[in-house]
Amino acid sequence: MADNFCGPSNALQNFQKHSSVDRTLQQDRLSSRQSPSQGFRSSPGPNAGLLDPEFEAFQAGQLPQQQFEPPGFQQPGFSHAPPNLSQAGPSNWATDFQRLSISNTPPPQFHQQSFNSQSQQRHDTGGWHQDFARQQQNLPAQSSTPQLQHSFQPQHQYGFNPMSTMSVAPHFAEPLHRNQIEQSQQASEIFDEEAFARAFEEASKAEMQGREEMKENIAQDMGQQQNARLEQEILLDKSAERLLETDPVIEHRLGADLIHDPQNGQETQNQNDPDALARTAAQLLDSVRNNTSEKFQNSQFLELMRQFRDKEAVVEGDKIVGASGDGIHEGFKVAEP
Amino acid sequence: MNGMLEFRTQGYNGYAVKYSPFFDSRIAVAASANYGLVGNGRLYILGLTANGIQAEKWYDTQDSLYDTAWSEAHENQIAVACGDGSVKLFDVSVPEFPVMSWQEHNREVYAVSWNLVTKDTFASSSWDGTIKVWSPNRPASILTLPTHSCTYSTAFSPHSPSVLSSVTSDSHLRIFDLRTPASASNHLVHLIPIHGPGSTGGISSVGGNRQNFPPAEVLTHDWNKYRDTVIATGGVDTIARTFDIRNPRGGPTTLLEGHQYAIRKLAWSPHLSDVLLTASYDMSCRVWTDGSTTAHPGIIGGAKQLGQMNRHTEFATGVDWCLFGAEGWCASTAWDERLLVWDVRAIMGQG
């Protein structure tokens, strides 16, 4: 896999990457079906503990189009799941895969989905189970449906109890949201629903088994994890909001964006205003005020800034001249022609 | 420190330095009079000779020069980013004037970066909040990507002909994929806040990169030459960060703290996948490892400073690695009107 990331890539190589990912996942699913008690890779390998954080990091990733959605679109309530969810049957990651094979969406998002099943089981109180359960409830009556609902029921309660509504909402709004988009786009996909249903059932059993022992750990981690995740979500939402703005708000601006705002029409005035230059120089000097190193004390640039601040030097046209009019202040060299 | 070569860019304060991808003895320096505040710019074409560094040629420009990039396709051609908003292409075999000049940006152009895969295009980024993609043969830009923020740096991925990135005043790293449809997102595929907390729940976060930082201007970034999803950024908040764009929501993978003032320029080593070189307003150049080669699989650790070069006496603004020969040679330029060529192995363990 690592070799794939080296060297120039091309479309064929990308396709090969995707197809190799595909095989891996298929095998995962098949192997877990053969040993139902194990569920989705729930038997920890020697490195399982080390890799868990990485799984979560992947999980914190997201589909790119998420960033471009209007923030108001994310509704916290789970009960708002639209009826057409039922048509999903097939899971998120499967639709993701379908799209991946076609488009150039990078592989990481694919990983994210495949990791969800593992990491959410362990730390996130079965977010996808809830999604799935919702889907199952809306499915036309099948023989397995009542059983599944039964097994998922405690999951629901468990999932909601330890967390405040606040921390639940932003985190879970995402998968739900994603569902809606995908289903509208991918309504015509065809899958082996039964096979998926079986896989989910196995996963849920494993979940139930591991739940008790996980409970203590989760309770400890939950607050911290959710808070951190919430912060990150807020941050990313802000970024998305900013991206959406056709007319960025002034308060968002930093540094250079503040100094030369092409929209406020004051730039030319600023450039010709000796006071503005003096102010900028004073700010700069202030920011290095505490630096007593020899280099900073001897800096010719900082000396020039001092001259600007004290109005001993000013910019005239394309040159820097001494304010007294007799040329350049000593200590500052001007470029020779 | 022995073996350090020096060239004085008399009267011009260095802004950027680039080794030629074709000749191991050729270096270009983009420099500006009056620290780039007002006045002319000058592009130096320098040769490393047995008698030290000699100026083979130089080109004067009306306005300041802030960056330069050698053509990857033509050994004599080199693009520059100008303070008057123009992008120019010089040919070393042609005296005095540029062979092409494009006047499309509305404000200072801060960065130029050549496409390293197809080698037939290059990108420029500007204070006017846009990135433009150019072909040396065309009279107008091929493509304009808006960022709506002062774009200090843009770079093509060294691994893909159609992926490019930028960092901006608004504290974000942007990834554009030109293969995506030109929809409302203008090819933007990732918008990554630089100031976010570290990887969620990562073991490395115990050490404190769980912190949230205030947004700060990002001045420079570079793609790792070996790991095609890893990007390093540096800027006003003095911290160099690495990101893995496979996990755009995961925040920085590593934080490299040590510079006292803003990082103006950084570059990954062309030889070692974990080694980073930075130039800062604290007048030092530093060498770092991001720990990716020493850490256990799946855990980032061991990120640290390897050495520090303190010879510059004004703000250090440009660094570049030599692509040829031994793995440690690099060049740095600063506002002290000097180009220094030195071997990072000589400063290991310092600072």
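The values are calculated or read from the model by the stated rules, or taken from the named source; none is laboratory data. Please read these numbers as outputs of a predicted model, since none were measured by experiment. All Cβ positions, glycine included, derive from the backbone under ideal geometry; neighbour counts span all protein chains shown. Just the protein is used for accessible areas: all its heavy atoms, side chains included, with ligands, DNA and RNA removed. Shrake-Rupley method; radii C 1.70, N 1.55, O 1.52, S 1.80 Å.
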- prompt: Quick check: anything in the stretch B:93-112 in a loop (DSSP other than H, G, I, E, B) and among the basic types (Lys, Arg)?
  reply: yes
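Which members of the stretch B:38-83 meet the condition of being assigned to a loop (DSSP other than H, G, I, E, B) and more than 30 Å from A:Met305 (Cβ to Cβ)?
Taking the stretch B:38-83 first, the residues assigned to a loop (DSSP other than H, G, I, E, B) are B:38-40, B:50-51, B:62-64, B:71-76, B:83.
Those that are assigned to a loop (DSSP other than H, G, I, E, B) and more than 30 Å from A:Met305 (Cβ to Cβ): B:Ala50, B:Asn51, B:Ser71, B:Glu72, B:Ala73, B:His74, B:Glu75, B:Asn76.
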query: Of everything in the stretch B:218-272 that's touching a Leu at 6+ places or on another chain (Cβ under 9 Å), of a type in the set (Gly, Ala, Ser) and outside any strand (DSSP E or B), which residue is farthest from the other protein chains (Cβ to nearest Cβ)?
result: B:Ser269
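Does B:Gly36 qualify as being touching a Ser or Thr at 6+ places or on another chain (Cβ under 9 Å), more than 10 Å from chain A (Cβ to nearest Cβ) and at positive phi? Write out each step before concluding.
Working: touching a Ser or Thr at 6+ places or on another chain (Cβ under 9 Å): yes; more than 10 Å from chain A (Cβ to nearest Cβ): yes; at positive phi: yes.
Yes: the conditions hold for B:Gly36.
If we keep just the residues of the stretch B:122-145 that are outside any strand (DSSP E or B) and among the charged types (D, E, K, R), which is most open to solvent (accessible area, probe 1.4 Å)?
First pass over the stretch B:122-145, keeping only residues outside any strand (DSSP E or B): B:127-129, B:135-142.
Then keep just the ones that are among the charged types (D, E, K, R); that gives B:128, B:138.
Details: B:Asp128: 39, B:Arg138: 130 Å².
Per the criteria, the residue is B:Arg138.
Residues to consider are B:Gly291, B:Gly307, B:Gly318; find the one that is surrounded by fewer than 22 Cβ atoms within 10 Å (Cβ to Cβ), in a strand (DSSP E or B) and small (Gly, Ala, Ser). Don't jump to the end; show me each part of the working.
On the way: B:Gly291 fails: in a strand (DSSP E or B); B:Gly318 fails: surrounded by fewer than 22 Cβ atoms within 10 Å (Cβ to Cβ).
Unique residue meeting the criteria: B:Gly307.
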task: Any residue in the stretch B:135-150 that's within 17 Å of B:Gln103 (Cα to Cα): show its pairings with residues that are assigned to a strand (DSSP E or B) and of a type in the set (Lys, Arg) at Cβ separation under 9 Å, as long as the two are six or more apart or on different chains.
output: B:Ser141/B:Lys132; B:Ile142/B:Lys132; B:Leu143/B:Lys132; B:Thr144/B:Lys132; B:Leu145/B:Lys132; B:Leu145/B:Arg174
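Report yes if some residue within the stretch B:151-167 is part of a strand (DSSP E or B), polar (S, T, N, Q), more than 11 Å from chain A (Cβ to nearest Cβ) and surrounded by fewer than 21 Cβ atoms within 10 Å (Cβ to Cβ); otherwise report no. Talk me through it step by step, then tell me what you get.
Start the filter on the stretch B:151-167 by keeping residues that are part of a strand (DSSP E or B), which leaves B:151-156, B:163-167.
The next check asks that each one be polar (S, T, N, Q); those that pass are B:151, B:153-154, B:165-166.
Next, from what is left, pick out any that are more than 11 Å from chain A (Cβ to nearest Cβ): B:153-154, B:165-166.
Within this subset, residues satisfying the condition of being surrounded by fewer than 21 Cβ atoms within 10 Å (Cβ to Cβ) are none.
No, every residue in the stretch B:151-167 fails to be part of a strand (DSSP E or B), polar (S, T, N, Q), more than 11 Å from chain A (Cβ to nearest Cβ) and surrounded by fewer than 21 Cβ atoms within 10 Å (Cβ to Cβ).
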